[in-house]
Each structure stands twice: as structure tokens, then as C-alpha cells.
1. Of the residues 280, 263, which single one is of a type in the set (D, E, K, R), in a helix (DSSP H, G or I) and touching a residue at least 40 places away in the same chain (Cβ under 8 Å)?
2. Within the stretch 244-254, is even one residue without any contact (Cβ under 8 Å) to a residue 40 or more places away in the chain, touching a helix residue (DSSP H, G or I) at 6+ places or on another chain (Cβ under 7 Å) and assigned to a helix (DSSP H, G or I)?
3. For the stretch 113-134, check the following and say yes or no: at least one residue is touching a residue at least 12 places away in the same chain (Cβ under 8 Å), assigned to a loop (DSSP other than H, G, I, E, B) and out of contact with any helix residue (DSSP H, G or I) (no Cβ under 6 Å at 6 or more places or on another chain).
4. Mind checking which residues of the stretch 110-141 are buried (at least 16 other Cβ atoms within 10 Å of the Cβ) and at pLDDT below 90?
5. Only one of (1) within 33 Å of the chain's Cα centre (by Cα); (2) more than 17 Å from residue 249 (Cβ to Cβ); (3) of a type outside the set (Gly, Ala, Ser); (4) surrounded by 18 or more Cβ atoms within 10 Å (Cβ to Cβ) is not met by residue 205, so which one is it?
6. Being out of contact with any strand residue (DSSP E or B) (no Cβ under 7 Å at 6 or more places or on another chain) and small (Gly, Ala, Ser) is the filter; apply it to the stretch 204-238 and report the residue that is nearest to residue 155 (Cα to Cα).
7. Are any of the residues in the stretch 358-365 over 18 Å from residue 397 (Cβ atoms), of a type in the set (Lys, Arg) and surrounded by 10 or more Cβ atoms within 10 Å (Cβ to Cβ)?
8. Kindly evaluate residue 103 against the criterion of being touching a residue at least 60 places away in the same chain (Cβ under 8 Å), touching a strand residue (DSSP E or B) at 6+ places or on another chain (Cβ under 6 Å) and assigned by TED's automatic domain parsing to the domain that holds residue 58.
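The values are calculated or read from the model by the stated rules, or taken from the named source; none is laboratory data. Everything numeric here is computed off the predicted structure, so don't read it as measured data. Here the Cβ positions follow ideal geometry from the backbone for every residue, glycine too, while neighbour counts run over all protein chains shown.
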Amino acid sequence: MADFNPNSTPILTVTELNRLARQVLEQSFPLFWVSGEISNFTRAASGHWYFSLKDASAQVRCVMFKGRNSYVDFTPREGDKVEARCTVTLYEARGDFQLTVEFIQRAGLGALFEAFEKLKQELSLEGLFDANRKKRIPPHPRQIGIVTSADAAALRDVLTTLKRRMPNIAVIIYPTPVQGKGAAQLIVKAINTASERAECDVLIICRGGGSIEDLWQFNEETVARAIANCNIPTISGVGHETDFTICDFVADSRAATPTAAAELATPSHEYLFHRLDQFESQLHKTMNTVIAQHVQALDYLIRRLISPQQYIQKQQRQLAQIDDRLNRGVQQQLNHWQFNLARLSQNLTHLNPKSVLTRGYALVQNDSGAIIKNSQDLRLGDTVRLTFQHGSAEASVTNTH
């Protein structure tokens, strides 16, 4: 199709006319914001939203496709004042002028979000969100404190969860309004009271879900500083999983919901019983192993252990063996000595002069008793003594040779 030229007089079909109008509108209007009141809201089976935005003098049809409205945290209702970020277009099939909505929020949220981000940045720069200043949540608290409204559904959810998980833990409630004018100061007072009393091991600060306006008390700076200065470890359980408040960032731990905060604050008694069973089983196994080792050691010692009588008999056998060895040693020594004595006796016998006499020889001695070995020692007329094997005689030397 040729471009539209107002100086010519083309004949257009309705489809061509509507398409040209759509192109002119989409090219002429950039993405912009428009505020108005919801009217004739409809959710189609496809998931798309169809509604009108109106004010006191006019209205405009709007469409928000499923891929966009799935990111909106609320469902618009008749009469809601909203702010929509959208583009202008024309629905060619009917020739309807309409807005294609890219994002929608409740009226006035822009200022709230701006205030939220500003305070968040200030407190972050100050260090209130730093992980190193956050206190550890005790794994086994003896007493739990709850800061919330006494008649809130969130309190019932928390108490039900605490009773289910660990019914023996005591609970102290610090009641305070969590919505409305002046609620922030009352929340601060409740937190300070819990901190000063120091009667709880952990403090849950919670409320149910709601709009950003409903949760705004937990975005107040005074509440954030009260939580930061609290001496008790704190858990924030404000809103639903997609809701975030300043309270979440400054608390020692953040839970997605009040119920999740109760679960975070307490161990499960079922889990503890299960762990206890595991420890008991492990203890039995360890004890059986130790007992078996000691029984083995005892069996070994029993095999080595003997009675006193057996010990005496063993000693007697050892003494008898020693006595036998001593007797054999003494006998060997005696035999050795007897052999030496006999040998020496035989040698003495051989060396005994008298033994020579038995063979017919005689022993010659002079008057002084000296043995005469040489005839030259004798003179004629000397008297000598002759000793025989048996007896002796005296003789006079008559000649020498």
C-alpha cells in the first residue's frame, strides 16, 4: 500500500484506513504514563485484562496482555485509582482507539517507591544492611517473642506453626497495631520493650500481606533503626513472598511469610526426634564396637592368666630344671676336677723318687742328708745312707769310680 498523501484523493478500504490510523498513533505517542479509575475490568480466558480508564470527563479502552499482567502484584478492581505506563494504538478489527498497558500500579505508588528506594539507599550506605552486623539466629531458642497485632491472622499462623514444630517453646507476644496512623511508633515501642526486657532468644516481627500502603509502617526509618538497635536476634516476616520492606533488609534474617518466620525461628521436633534416633543408633553401634574390642582384649588376657597353683607348679618345674642344671654342672666340675687330680696324682707318682726304688734302685745320702748324685762327691771312708724300697742301711765308701 502506498503512503497516505493528503493532496491526492485515494480511495481507501476500511482496513487500510484503520491501519494508517494505527500507524500514525503508534508513531506519534511514545511510551507514557496516564492515571485514571478502573472501570469495566474483565479477565479473559486467555489471561489478558480488558478495562477502561476514566476520569470525571472521559474514558479510554485499555488492554494488558498476559505476558505483562503476570508481573503485577495485585488485581485491579472496579473503582481503583491507578497509574498505567502504556502506548496508544488502534484495534483495527473494530476501529477502537485503545491503550496497550505495559505496567500498572496503584495511584501514588510512584512517590512511595521513590521514598522507599531513597531510604533503602541511605540505610545501606550507613551499614545497617551489612551481613557482618547481623546476629545469628539461635538454633534452639527457649523463648520466642512476636511483635504483631494481637488479632492478626499472621499471629494465628505463627502460633500454629510454632505449636506444630516445637510445642514446648514459650512464646511472648508484644502486641501492637501494624497498620494505620501512628502504627510505626507503636511498632518501635514494642520492639524496644522486647529488647529491654531481654526475655526472649529471638524476636519475630511480622504481619500478613497487603498493598504497599498497608505494609508502609515497616518501611519507616524509625522502625528500621529500632530493629537495628534490638539486642535480640530478629526475623522479619512481613507480607508475602514477593513483598519486600526496609524491615526485611535491616533484620538479622528475612522470611518470605509469617509462617516461614516461625519455621526459621524453631527447629522441628520431628526432625530433632529423627536426629535423636540417628544418634541413638550410632551410639549403640559405637558401644557394641567398643564392647567387642574389650571382650577380645579380655579373652586375650584370660588366655594369658593362670591360677596360683599352676603358677607354683610352673615355678617348681623351673626350679627343678635349674636344680638339674646345677647338679649336672657340679657333677661336670667334679668329674673335671677328679680327672685333673688323677692326672696330677699320676704325674706325682711318676715323679716320686720312691717309685724308682720299687724297681731295685736305692737312694744314696751323705751324713747331712744330701743326695749324692755324683761319685766325685764321696771320699774314701765316707759313711753313706742307702734307702731301699723297704728299709735302709749304712755303708762305708771303700772306693769310687
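1. Being of a type in the set (D, E, K, R), in a helix (DSSP H, G or I) and touching a residue at least 40 places away in the same chain (Cβ under 8 Å) holds for just one of 280, 263, which is 263.
2. No - not one qualifying residue is present in the stretch 244-254.
3. Taking every residue of the stretch 113-134 in turn, at least one turns out to be touching a residue at least 12 places away in the same chain (Cβ under 8 Å), assigned to a loop (DSSP other than H, G, I, E, B) and out of contact with any helix residue (DSSP H, G or I) (no Cβ under 6 Å at 6 or more places or on another chain).
4. Hits for the stretch 110-141 are 112, 116.
5. (2)
6. 208
7. The answer is no; no qualifying residue exists.
8. no
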